[in-house]
Every structure is written in C-alpha cells, then in structure tokens.
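The values are calculated or read from the model by the stated rules, or taken from the named source; none is laboratory data. None of these values were measured; they are calculated from a predicted model. We place every Cβ from the backbone using ideal geometry, glycine too, and count neighbours over all the protein chains shown.
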Amino acid sequence: MTPYSSFLFFIILGILLLPTMTLGIMGKRLRYYNVFVSIVVLAIIFSEGSAGFFSLVAFTILQLILIKGYIAYRQKKNSSLVFYVMSMLSILPLILSKVLPILAVDNLASFLGISYLTFRAVQVIIETRDGLIKQQLSIYQLVYFMLFYPTISSGPIDRFRRFQKDEEKLWAPEEYKELLYKGINKIFLGFLYKFIIGYSINTYFIMNLDHIADSMFTHHLLYMYSYSLYLFFDFAGYTAFAVGISYIMGIRSPENFNKPFISRNIKDFWNRWHMSLSFWFRDYVFMRFVFLMKKKKWLQNKMLVSNLGYILLFLLMGVWHGLAIQYIIYGAYHALMMTGFNFFETWNKKHKRWPTGRMMTVVSIVITFHVVCFGFYLFSGRPFQ
Amino acid sequence: MDFKEKVLQVIAEVCEDDVVKEEHDMDIFDAGLIDSFATVELLVQFEEQLDINVPITEFDRDTWNTPNAIVDRLNELK
C-alpha cells in the first residue's frame, strides 16, 4: 500500500497510533510500542510485491555493514580513498536502480523510497568521516533512523544526529501534547493540500484543459501554471502527512516547504522548495566541492568555483529524480538559472543597478515565479511528448 | 589582538562588511551577508588563520548564525 494514498491507510494508522498518543500524553516512553507500530506499517507498505520487500531488506543489510564497518575503521584510520569507496558502495544500489531500467534488465535493485533512504545512509558515512559520529551505532539506532516509516517513501530527509536527539528524548506530557497538537494540525493541512486543492486542480482543471484552452499555446501555458500549483499542493500535502505523523511518533522531522512561490530570486527559491533535499545537496555536495577546490587550491576564481559547484549540484539533482530526458534538462535548466543569477548578483553588488523597494520586490517575485514554473513545465515532461 | 577580535576580523573579511565587528548578535544569514559559498570560505579561513578545523557538517546555520555564536563555537572547538 502506498503511504498516505488512501483513507484505509489513515484509518489503520489512526488505530495503531492511539496507544502512542495515550502513552505520550501520560509522559511514558514511546520507544517500545513505536517499534511495534513501525514494523506493522512497514509490513503494510511493502506487503504488495515481495520483490520490493526483499530489495529493501538486502539494501538495509548492505548499508548496515557499510556504516558499521566504516565507523569501526574510522576509529583507527582516516584515509580518503576508503571514505570515497564506502560512499560509492552506499550509493551503488541507487545508481543501479536508475540505470538498470534503461538497460531493460529486470529492476531488482529498486523499491519504494530507495532515493531517500540512500541519502540518509550516505549522510551517516559522511558525518563519520568528519568526526561527528565517533561511537559505534547500534543496529536498532540505524534501522530505526533509515526505515522511519512516516518519511520512508518520499522524505523529508532527516539528519542522523538531529533525529537521534528526538528519538532519545523523553517528552514531558505538556511537551508531547504540544507536539501532538501540531502533528494533527499538519495532517489536516495535508488533507486540504493533497486531497482537496491538489486533487481539484488535477481533476477539474488539468484533465479538462482540452476544453478550457483555445490554442496550443494557451494549453501549454495553462498547463505550466496549473501543473506547478498541483505539484506543490500534492507534494506539500504528502510532506504535511509525513511530518505530522513523525510528530505524533515524537520525532520532529524537518519541513520541506517555506512558501516557495514568494521567492525573490532563484537562490531564495532553493531555500524554500524541497528544502530537506536541497539542503542535503548544499551541505554534502556543493559545500564539500567548494571546500575541496579551495583547500587543495585547484581553482582560485570565486565565480568559477561556485558556478561549477552549482552545475554539479543541479545536474546530480536532476539525475537523482530519474534518468529521463525531462529530469536531466530540468537539472541543466536550474544550473543555468543559478549560474546566471550568480553573475547578476555579483555584478549588481558592484553597480547597484537593480532598484530596491516594495514595487521591485513584487517584480522580482513575479519573475522568479515564472522561471520556477517553466522549470516545473520541463520537469513534467509535457514539452517532450 | 585577542581571539574574539581575530575571529571578527575573519568574518568581516569573508562577509566583505565591517558591520559584523559592531553588531555581534546580528544573524549574518538573515542579513544576507553570507551564503553557502561564503560559509566554506569562512571555514577555510578559520583553518588557515586560526588553525581551527571546523568540519562542514559541524557548521549548523542555527547555531553558527551570529558573530557571537561563531566565537562561542570556535572557543568550544579550540
């Protein structure tokens, strides 16, 4: 069963979470019962096809061996080669799951959530390399983090040390009530976003575009706007469910959206859209790339280093969505927008030609909105059909 | 120059703005003085000028957001 896709799923979840909520309000530790809930819900999610289930188990075991092995190694030595090999091995199942379908091989490597789970695993390896995770981690800690069911299918992508703090916390009754209240609020927001607004845009507008639009151009233009809004409400709705259920489980999963359509520029947009993913790429790809270039003094030119970093980040983000033409072009498009903005921002810092004031803020928001919507139009694959 | 002054000097150089030397509790991310690229420069400068190694993953925007906070964090890592 796909998480959060049917009312049955919510009913099952509601019943399973009743004891969690009761225990929480009484100030009791949530851990033991929550492990039981997690196993049941994971079984329900992965019960449909046995292939997906076995891939998930194999994937989890591989990641456990890699992480535990690397922590043990890192306590004694710290070679860059070992770090890169371990990271590559950790990403390998994800790469296979993207490449195998193109080669028309049976895609055994893939299962629901692999793209998101991989990021959680690699992140632990990177933080171990940086010396932030020093102690060996238990199988329970790692599995509970990687397979945390509320966020298993499409994120948000949490960070291990942050997750662990919440997981170890014994919530006082008052604190838990606050958490529960926020969680339930988010779940209702999710219903509004995904099942009312998102659903309506898709069913009553996008699917009827043939009757609404009078020319090819207006058809594509209206599709661009409506698909962008649909994408936001559908994904933000899903995220609200995932974060809301996390809260009830006593984990404050990070947010993914912060009013993305009022971004003032493209850089601002990437701090507001699918944040847990873009911050992951920012921290573990862009910043590490820039750091490497600067420290080894391979490249000195500021503009060149940051632009290469953006190109690397967005091309990777594109392929991460899937090895299809629309995702690669989507990545390239955003790489172009970010590097273009980077030039403009530097130029404007010197010359101060872009006027400021409330009016210009509105103009900036409108321009950014259109740049972003055109990106989603590419992402949808519609122009390539 | 004491440690705090040195740190503030590095931050001011990276931000290209001396305001950080005056307003020690200003959020340099919210003020738009620093982005992820400049953050990396900051870390490289800490290592080169102060000989303090701050891993990128250690640099959390919520706890390294003001000049004072940065001085505190660096004191912890010294």
Does at least one position in the range A:261-278 carry a residue that is within 12 Å of another protein chain (Cβ to nearest Cβ), within 30 Å of residue A:144 (Cβ to Cβ), crowded, with 19+ Cβ neighbours inside 10 Å and more than 14 Å from the chain's Cα centre (by Cα)? no
If you go through the range A:81-101 one residue at a time, do you hit one that is at pLDDT below 95, touching a Leu at 6+ places or on another chain (Cβ under 8 Å) and surrounded by fewer than 13 Cβ atoms within 10 Å (Cβ to Cβ)? no
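Of all residues in the range A:286-300 being within 7 Å of chain B (Cβ to nearest Cβ) and hydrophobic (A, V, I, L, M, F, W, C), which is farthest from residue A:311 (Cα to Cα)?
A:291
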Does residue B:30 satisfy being loosely packed, with under 15 Cβ neighbours inside 10 Å, assigned to a loop (DSSP other than H, G, I, E, B), within 14 Å of another protein chain (Cβ to nearest Cβ) and touching a residue at least 24 places away in the same chain (Cβ under 8 Å)? yes
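Taking the condition touching a residue at least 60 places away in the same chain (Cβ under 8 Å), in a helix (DSSP H, G or I) and closer than 24 Å to residue A:382 by Cβ, does residue A:227 pass?
Taking the combined requirement at face value, the residue satisfies it.
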Among A:197, A:187, the single one that is in contact (Cβ under 8 Å) with a residue 24 or more places away in the chain, in a helix (DSSP H, G or I) and surrounded by 20 or more Cβ atoms within 10 Å (Cβ to Cβ) is A:187
Take the conditions more than 24 Å from residue A:317 (Cα to Cα) and either outside any helix (DSSP H, G or I) or in contact with a helix residue (DSSP H, G or I) (Cβ under 9 Å, 6 or more places away or on another chain) (or both) and apply them to residue A:76. Does it pass? yes
Being within 13 Å of chain A (Cβ to nearest Cβ) and under 15 Å from residue B:14 (Cβ atoms) is the filter; apply it to the range B:42-55 and report the residue that is surrounded by the most Cβ atoms within 10 Å (Cβ to Cβ). B:43
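Among A:293, A:337, which is the only one that is closer than 30 Å to residue A:99 by Cα, of a type outside the set (Phe, Trp, Tyr) and at pLDDT 95 or above? First the steps, then the outcome.
Working: A:293 fails: at pLDDT 95 or above.
Of the residues listed, the single one that is closer than 30 Å to residue A:99 by Cα, of a type outside the set (Phe, Trp, Tyr) and at pLDDT 95 or above is A:337.
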Being farther than 18 Å from residue A:305 by Cβ and β-branched (Val, Ile, Thr) is the filter; apply it to the range B:7-27 and report the residue that is farthest from the other protein chains (Cβ to nearest Cβ). B:7
